[in-house]
């Protein structure tokens with residue numbers, strides 16, 4: 001997907017009519033195999049970024065990621081140039097992905113909205 005700059009605020013115009021981030025990879029985490037998290041993500045460089053991540057490493061990540069609120073994620077997305085609708089949908093999707101990861105690694109989920 002290509003982006004282009006459209007104004008002085010450095011906002012970008014995204015191609016419309018395609019599935020957004022929130023619709024991609026609904027089964028972000030599919031389970032655990034041989035002590036490593038198995039991701040449903042398929043894309044560029046999948047084998048480099050989504051393989052060999054131990055449950056313990058995922059648990060460590062979740063200790064921090066689970067502290068993020070949907071509101072904080074939405075604010076960060078807005079600050080990075082997302083429009084309101086995108087920020088709401090993407091923040092919700094990120095929270096869902098963190099929850100999936102938390103479920104397979106047994107981390108305590110304390111996401112607030």
Inset, instruction - Please verify whether the stretch 31-48 includes one or more residues that are assigned to a helix (DSSP H, G or I) and surrounded by 12 or more Cβ atoms within 10 Å (Cβ to Cβ). - result: no
Inset, instruction - Scan the stretch 85-99 and give yes if some residue there is modelled with pLDDT under 95, assigned to a helix (DSSP H, G or I) and in contact with a strand residue (DSSP E or B) (Cβ under 8 Å, 6 or more places away or on another chain), otherwise no. - result: yes
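Rundown of residues vs (1) on the phi > 0 side of the Ramachandran plot; (2) touching a helix residue (DSSP H, G or I) at 6+ places or on another chain (Cβ under 8 Å), yes/no style:
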{"position": "42", "(1), (2)": "no, no"}
{"position": "50", "(1), (2)": "no, no"}
{"position": "65", "(1), (2)": "no, yes"}
{"position": "69", "(1), (2)": "no, no"}
{"position": "80", "(1), (2)": "no, no"}
{"position": "91", "(1), (2)": "no, yes"}
{"position": "106", "(1), (2)": "yes, yes"}
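The values are calculated or read from the model by the stated rules, or taken from the named source; none is laboratory data. Predicted model only: the values in this text are computed from it and were never measured. All Cβ positions, glycine included, derive from the backbone under ideal geometry; neighbour counts span all protein chains shown.
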